[in-house]
Every structure is written in structure tokens, then in C-alpha cells.
Amino acid sequence: MVAAPSDDPHCPQWRSNCLSPTEEQEWDNGQPERAILEEPLKDRPLEEEALVDKIRTMSVLEKNVVLDTIHHCIKEQTQLIGKEVADTGIQELLAPLNLELKQPLEKTFLFHVFGLILRETTDQELVRRHLADLLELSHQSSSQREGIAETVGIVSSSHLQAVWALLEHLGRTRFLRTTFMSPECPQSDPDRHWRWVSSTYLLCYGQMALHAREQILPWVDNIISRMVYYFSCSCYDNILKTSFLLAAIMLTKALRQEDGTQSYKFTQIPDLIQCLLRILQKEPNFLATLFRQKVILVIVKLSSLRPSLKPVVKSQILQTCLQTLFMLPPGERLKSCLPPLDSAPDVLCGCRPYLLGFPHSLEPSAPRGPARVGADILLPWVSWGRPRLGALWAVAVASCGPSDAPRPAEKALYKKSMQALDLLLQSFLSENKSMDEMCFLLQHVEPWLHSDKSHERKRAAQTTFLLLQYTVDYVTLTEEATPSLLGHQLGLLALLWQDKDPVTRSHSRQSIYLLLQLLIQQKGSTEQFILLNKMKNFEAKAFRQSEKKCYNVVKALNRSLTVAQHTQLVLTLVERLGSRSQPQCDLASQLLLLLLEERRVKREQVAEILQGLFQELSSVMFKGVLQTMMKVVTVLGTQYTQETVEVILSLGHPSERQVLLLWKALAGNPKLARRVLTLLYMKLKVRPTGKLLRLSQPAELISLLALGTIYELLYTREYKATVRWAFAGLLVGLLTQLRYLFELGVVDGISDYEEDVLEVQPLSPCRTCLEALKGLFWTTNYWEVFAHLKLLRGWELFEHLETYTEGVTLLARAMAHYDCEVKAVLGQAVISLKSSEERDNIVAILIITEPRAHPVRVPEDRGQLPEPGPQPPQPAGAGHEPEGPQQHAHAPQEGGAAPWAAGRAAGPFREARPQGPHGPDGDPGRHPAPPGDPGRRRCQPQDGPAPAAAVRG
């Protein structure tokens with residue numbers, strides 16, 4: 001969107017990047033306060049020089065008479081407002097000068113003559129007495145305050161010490177007495193005589209600074225301290241803030257005129273800036289004057305003085321200035337938000353242009369009278385060195401349609417206020433030409449880039465664009481730096497690509513190109529620079545191919561950013577996945593997936609990215625965004641499986657919903673799922689000995705984390721095929737893990753488990769291992785083995801170390817009987833025999849040798865599953881006599897049958913098995929049960945008959 005051209009050929013471009021001094025435009029607002037300075041003496045008519053020569057020839061007595069007469073005349077005019085007062089004595093005094101004086105004499109002229117007389121006298125006592133009398137006059141009238149201040153300033157040019165001492169004395173007496181007379185400021189002085197005395201003193205200090213000339217530098221800190229004191233201790237109103245601003249303007253003008261300013265260090269500048277920021281914070285949320293612009297421009301000048309401002313002060317300046325302008329109503333509502341005519345603020349926002357060293361011209365009054373606005377008072381001490389880019393900044397206008405556009409007065413106010421803000425940012429960057437400073441400035445614009453209000457995002461995007469364009473065109477960054485924060489800012493700008501406002505979208509895209517251009521310029525890469533130019537040309541020609549354009553930008557980002565910047569970019573996109581705006585969430589998820597697919601992330605990035613995704617999982621509101629997040633996890637797992645598994649293990653218990661979602665995402669690829677389960681099996685085998693283990697914190701064991709994860713994945717549908725593939729390894733690993741936990745003594749809670757209790761409670765490590773062992777058979781459709789041990793109460797043998805060997809023996813027999821993964825389990829057991837750990841060898845020997853000594857026969861009694869309810873466990877010898885591994889090795893086989901095939905012919909219930917609701921090989925996963933209780937996942941009686949009991953032949 002391009003703004004319509006202005007009808008005025010001399011109108012400056014909207015928020016021009018190259019800000020240069022222009023003519024001031026003033027509109028009379030009829031307010032009581034007005035500018036108080038006259039032109040410097042060199043610009044005054046020759047009659048003033050004649051007046052000064054006349055004063056120098058006067059005796060002390062004559063000067064006393066004239067001073068008393070002027071004092072009396074001013075007092076009379078103050079008391080008899082609207083009435084003429086005879087001033088024949090003064091006219092007779094000035095008659096020989098042939099001055100063309102108005103009748104009656106203006107009060108401003110009387111104050112000026114009063115000051116000239118005191119300036120030309122050498123009697124310090126005379127100066128103190130007459131100035132004290134002058135300061136005793138009423139401070140209610142604005143012209144009175146201005147006149148007194150002008151007189152003080154003129155006198156201080158010759159008697160600075162005496163004037164300063166007098167103001168100090170009156171401040172300790174008169175000001176303190178009037179200020180603390182009453183806690184209610186408006187009624188502290190009923191006759192209003194002394195109510196605004198602090199405003200007069202503020203103007204006096206400003207005039208003193210302006211007239212001090214070459215003496216000003218040693219006095220600057222003292223003057224500022226008094227200004228801050230009077231401002232802070234007075235009741236805040238429009239008159240006080242106007243007087244303070246005018247005093248600050250005069251001070252900055254005096255410093256600009258002095259050549260040695262940049263070689264002098266000032267200590268009170270931050271305090272003065274804090275007072276100016278307080279004024280901005282108290283401004284109403286409408287735009288009726290240029291008060292904001294003038295405050296910002298004064299801050300610009302003060303911030304350029306030595307020593308440089310600390311980052312904390314700079315941050316406060318940026319936050320306050322951005323807030324006071326960005327939070328204004330939208331452009332189409334600037335007019336409607338103005339107060340009624342009779343309640344317009346009583347503030348002066350248009351001071352004389354020569355206060356800042358510019359010429360001025362007058363324009364007709366605006367339709368709304370109460371706003372006297374000075375425009376384009378832009379500071380001349382910043383040199384930009386290039387002509388402004390008119391066509392480019394015309395694009396930056398991006399205002400409302402013609403039907404609801406604001407009237408010229410409100411639009412001009414907003415335009416010039418934003419120009420001052422741009423100048424502030426450019427001034428900060430000019431003082432420190434580095435990428436770090438650029439990121440520091442953009443960091444303060446960030447909160448407004450993701451604001452909920454469209455006009456605030458639009459203003460932030462415009463400000464960012466103009467600052468970046470100024471940097472590319474006029475600033476050569478002196479330090480090669482790669483701040484990681486730049487990635488975060490790129491992410492925020494990228495999220496505006498689908499903003500509702502077309503101007504915001506355009507500025508965000510252009511800003512990304514400009515930032516990339518700055519990065520490429522620092523690296524000096526010609527190839528990337530050519531690619532960036534092609535992208536910009538493509539941007540201008542092909543708006544409809546959004547996906548291709550997005551891919552090209554992502555490709556450029558991946559090539560240009562450092563690892564830290566890339567990480568910040570990714571994390572910024574991750575943070576917006578939980579937004580309530582579906583277009584923004586979709587854009588963030590798509591960009592995130594593109595970034596990770598196009599470029600293989602570094603190993604050190606995996607943890608931060610996964611932790612960010614985990615934190616946002618609970619706040620994701622849209623199904624499509626969640627699916628894209630899972631694809632991102634799959635991509636990360638494919639690239640760095642081990643790191644991904646380790647990070648997810650550290651995020652929380654696998655039973656938590658968000659953690660389980662991450663594990664499910666890793667099962668999207670069958671090969672990846674096998675790698676994940678293999679890694680979990682390897683971590684299950686990380687079993688430190690008791691000497692190296694802190695028993696007080698067993699939860700820190702990596703093997704316990706892997707154990708809990710394997711237990712949950714057994715009942716996860718996405719891992720069903722993978723668990724079946726890894727059956728043998730998981731079986732041997734779980735049996736060994738259970739024995740390891742017995743050795744550690746972590747057996748609390750293993751016998752207290754109640755299967756029929758619906759309340760889900762955390763399981764102890766031993767109980768988790770045992771339930772995982774049960775679930776391994778149940779979830780892989782080997783329910784016969786599970787039921788076989790259940791019938792014989794064999795699972796209870798695994799609850800104690802003394803009966804652990806019997807439990808493994810019984811389990812091995814049942815597996816041989818039902819031909820449960822015989823070859824795979826045998827191979828895994830052989831591998832365990834080679835281990836240096838005794839526990840691995842014991843489990844392997846039991847699995848390999850026990851079935852050879854005890855072939856399985858089907859009992860005559862087709863016993864059913866035991867009835868639920870507590871039953872005493874059978875002794876170890878009931879039904880069979882377990883023998884040790886030494887006996888098994890020499891036991892003869894019956895009938896010479898193969899040891900693992902002995903149980904296949906037996907078991908008629910397998911052949912005559914009635915089909916359950918899902919057939920003979922029904923899916924046990926279709927009967928869900930709470931995690932941690934495979935007994936509840938077991939098949940019901942109608943799902944199949946009870947398995948045959950294993951007896952000794």
C-alpha cells in the first residue's frame with residue numbers, strides 16, 4: 001500500500017529515513033503559556049544597543065529610580081489586569097532614544113529593560129535587592145513567570161554567582177514553605193500567588209543556562225540538579241511540565257552552542273532524562289500537541305553527551321518512547337479520541353524555533369484550535385550524509401483509506417511524533433555502530449511485533465523497517481558481531497508474513513531481507529548476496545507462489561545464520577505454536593518443519609528444541625499444528641536418535657501425556673522406532689554397582705528411566721510391531737533388570753500391589769519391572785504363557801530374591817511349552833552368557849538349561865484359572881521339584897525329544913481352543929487397562945481356555 005501524495009509540494013516525506021532540518025510549522029493554540037525567549041542580541045535592532053549605552057551612563061541613583069519605577073509599574077499591571085497604568089517616568093527616560101514604543105508599554109519590554117539595567121550595574125547588593133523584590137511578585141500569570149525568568153537570565157550573564165546564591169536562598173525559604181504548606185497541592189496557597197513559583201524557578205535556570213555562554217559547562221550539573229529538584233518536589237500539572245520542558249530545551253540549546261561540550265562529562269544527565277520520561281508517561285492517550293515530539297528530541301540531544309548512557313537508562317528511554325507512541329489510537333481514530341474543545345490540555349508544545357536553531361514560518365490555524373503544534377523541529381547535530389529516499393518512504397506511509405483518514409492536523413501530529421522516534425533510534429545506532437546495538441534497539445520493539453492489536457504491530461513493523469533501511473543505506477557497522485538475539489528477531493518478523501494488514505506483511509518481509517543483507521555484508525559472501533537479490537526480485541514478481549517464496553527465505557536463513565542464531569529462530573517459532581491465532585500457529589509450524597528439514601541441525605541444538613516443544617505441547621489448540629510438531633520430533637529423532645532419546649528421558653515420567661506424545665512421534669518411522677527401542681534396551685543395561693550408586697536417589701539411574709519408558713511403550717499402539725520385533729532382547733533384559741534391583745535392595749512395594757484396585761498409583765522400580773515382564777507377554781499375543789504362570793501363581797515367585805530362580809525356571813518351561821520365540825530367546829541368552837556380569841550369566845543359564853531337564857506334559861486335570869481373591873502361595877515344590885542348573889545339565893531327556901519341542905505336541909487345549917470375540921489370535925490391546933496393571937489387560941475366560949499346567953513327567 002502506498003500513501004497518496006500530498007498536495008503541498010513542500011511537505012516532507014512521511015517518516016523520512018534521512019531526517020534533516022526543515023521549516024517549523026506552528027499553529028496558534030491560544031494557551032496561556034508561550035515561548036519566553038527573544039532572539040539573541042546579534043539579531044536585535046540597533047535601538048537596543050543605544051539603550052544599553054544609555055544605561056551605562058546612568059548613575060546608581062538613576063538606576064535605582066528606574067528599577068523602582070519599573071517594579072511598581074509591573075506590580076500595578078499585575079493587580080489591575082485589563083487596565084492601563086501610567087508609565088510616564090519610564091517613557092521620559094527612554095524619550096532621548098527615539099524608540100517607537102507602544103502605549104502602554106508591554107510588560108515583556110519592562111522585564112527586559114529591568115534585566116539590562118541590573119546586568120550593567122556593578123553593585124552586587126543592588127542586584128540582589130531588586131531581583132529579590134522581583135521574585136516576590138505573583139507567579140500566577142504566564143507572562144509574569146516568563147518575564148521574571150528572562151530578567152534573571154539577562155542578569156546572570158554578568159552576575160552568575162550572585163543570581164545563583166539568591167535563587168538558592170529563596171528556594172530554601174520561600175519554595176519549601178509554600179510547597180509543604182498543605183498536603184493538597186491545588187490548595188497549598190489559596191491566593192494562588194505562589195502556586196507556580198517552582199515553574200518560575202525552572203524557567204530561571206533555563207534562562208541562566210542560555211545566557212551563561214562560555215561559563216555554562218561547569219554549571220550544567222548544578223543547574224540540572226536544581227531543575228530535577230523543583231520538578232520532583234512540585235505538584236504536577238500542565239504548567240509545571242511545560243516550564244520544565246522549556247528549561248530543558250534552553251539547556252540543550254546552550255550546550256549545542258558551546259564548542260567544548262563533547263569534551264566535558266556531565267553526571268546529572270540521566271536524572272534529567274528520567275524527569276522527561278515521567279512527563280511522557282503521564283501524557284494522555286490522545287494526540288493533540290507536539291509535546292511528545294519535543295520531549296523525544298530533547299532526549300536525543302541529551303543522550304549524545306558524555307559519558308554515554310548506560311544500557312539500563314537507554315532501555316528505559318526506548319520502552320517509554322515506544323509505549324507513548326505505539327499505544328496511541330489507530331490512525332482513523334486519532335480525531336475521534338481527541339477531548340472536547342473546552343477540555344484540551346493547557347500545555348505549550350510549540351516553542352520558538354530558534355530554541356533549537358531553526359528558522360520558522362507560520363501556517364494558517366488548523367480546524368481544531370486548541371492544538372498549537374510545532375512540526376519538524378528536528379535536531380541539526382545529527383549528520384546523515386545522504387539525500388532521503390522519497391519513493392521508499394512513501395511506501396512506508398501505509399495509512400488508512402481516504403474515507404476514514406484523519407484530518408491533516410492529527411495526521412501531521414502523528415507523523416512528526418513518529419519522525420522523532422525514528423531519529424531517537426538512529427541517534428542511538430550512530431553512537432554505537434555495531435550489530436549488537438542494532439539488536440539491542442530491535443529488542444525493545446519486539447513486544448509490539450506480537451501485540452494483539454493490529455495498529456500496534458503495524459507501527460512496530462514500520463519502525464523496524466525504517467531503522468533497518470537507514471542502517472543499510474547510511475551506517476557501516478564497525479564491529480563484526482553475530483548476536484544470537486538476531487535469530488529471535490527474525491522469527492518474530494517471519495511470523496508477521498500472514499498478518500491481516502498488508503502493510504505489516506510487506507514491512508516484515510522487507511525487514512527480513514534487510515537483516516539478511518546486513519549479515520551477508522558482514523560475511524562478505526558474494527554468492528549469498530546474489531541469491532538474496534534474486535529472492536527480492538522474486539518477492540516483487542511472484543506474490544502468489546507463497547510456498548516457494550517461503551522455502552527460498554528459509555533456505556537463505558539456514559545458510560546465513562550461526563548455530564546460536566538458528567537455535568533462537570527455531571525457539572521463537574516454537575513459542576508461537578501455542579498461540580490462539582490459527583494462521584500464525586500454522587505458519588510457525590510450517591516454517592519450523594521447513595527449517596529442520598532443509599538443514600540438519602547441530603547436535604547441541606537438539607536439547608533446546610525438544611525442551612521448547614515439550615513446554616508448548618500443553619498449550620497447542622489445533623490438531624494440524626500438533627501433527628506438524630510430531631513431524632518435527634520425528635525429523636529430530638531421525639537426525640540424532642541417541643540425543644533425542646536422552647532428552648525425552650529427562651523431560652519427565654513416560655506416563656505423562658506430553659512425554660508419551662513425543663515417544664509416539666518417534667514411532668512414525670518403523671526404522672526409527674527400532675533404533676529408539678534398541679537405545680532404551682542399551683540404557684536398561686547401564687547398571688552401576690552398589691558401591692558406585694547413591695541409594696538415596698535411585699530415581700537418577702538411567703536404567704530405571706529406560707525401564708519405566710519400556711513399560712509404557714509396551715501398551716502404546718504405535719510400538720506394538722517394534723515390541724514384537726524386540727521381544728527376545730526385552731525379555732532377557734527385564735529378567736536381568738529384576739535381579740539387579742534385588743541386588744540393590746530396591747524392593748519396596750513389590751508385594752503390596754493389588755491388581756483389582758482401580759486407583760492408579762506410582763509403581764516401585766521392582767514392581768514396574770515385574771509388570772513390564774507380564775505386559776511383554778500379554779501385548780505380544782503370548783497370553784498363554786502369561787496365563788500359564790498365572791494359573792500356577794508363578795508370577796509371585798518373582799517378588800522375592802529367594803524364589804526368583806524358580807520363577808525364571810517356570811517361565812522358561814512355559815515358553816518352551818507354547819513355542820514362544822524359542823530361537824530368538826535362545827540366541828539372546830547365548831549373548832548374555834558372554835557377559836562379565838554374574839547376573840547375566842545366571843539368567844542365561846536358567847533360560848537355556850531348564851527346559852532340557854524338564855520336558856512339559858499336559859496334566860490330566862484341566863485346571864482353570866484360580867478364582868480371584870487372596871490365596872496362600874503354593875510352596876516351591878508343589879506340583880514339581882525345581883532343580884538347580886547343575887542338575888539340569890546332566891538330566892536325561894525323556895524319549896529323546898528335542899528340548900524345546902517337547903511341549904508342542906502336548907496341550908490339547910491349544911487345538912480345541914474356542915475362539916474369542918476377535919478369533920483365536922485376538923488382539924489383547926482391544927481390552928485396555930490402566931498402565932501398570934497387566935493383570936487387568938489379561939484375557940477373560942471367554943477369550944480362551946486355561947493353559948495346561950506344567951508337571952514333571
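The values are calculated or read from the model by the stated rules, or taken from the named source; none is laboratory data. No experiment lies behind these values; they were computed from the predicted model shown. Quick reminder, even Gly has a Cβ in these numbers, built from the backbone with ideal geometry, and neighbours come from all protein chains shown. These accessible areas exclude ligands, DNA and RNA; they are computed on the full protein's heavy atoms, side chains included. Shrake-Rupley method; radii C 1.70, N 1.55, O 1.52, S 1.80 Å.
When the range 436-516 is described by a simple charge dipole with +1 on each Lys and Arg Cβ and -1 on each Asp and Glu Cβ, the residue from TYR513, LEU496, THR476 located farthest towards its positive end is LEU496. Modelled label positions at GLU168 and HIS72, each set 7 Å beyond Cα in the direction of Cβ, lie 3.5 nm from each other. Among 458-466, 633-641, 499-507, the peptide with the highest mean count of other Cβ atoms within 10 Å heads the list, and the full ranking is 458-466, 633-641, 499-507. Counting protein heavy atoms only, the range 282-330 has 54 percent of its accessible area on carbon and sulfur, 1.4 angstrom probe.
Once you order the gyration tensor axes a ≥ b ≥ c over the Cα atoms, which shape class does the range 770-837 get: rounded for a/c under 1.5, otherwise prolate or oblate by comparing a/b with b/c? Note, shape of the range 770-837 comes out oblate. In this structure the amide hydrogen of LYS685, modeled in the peptide plane, comes within under 5 Å of no amide hydrogen from residues 5 or more places off or on another chain.
Give me the percent of accessible area attributable to carbon and sulfur for the range 600-720, probe 1.4 angstrom. Exposed carbon and sulfur together represent 53 percent of the surface. Taking each of LYS253/LYS282; LYS500/LYS664; LYS241/LYS415; LYS107/LYS253; LYS282/LYS314; LYS671/LYS774 in turn, the alpha-carbon distance tops 29 angstrom for LYS500/LYS664.
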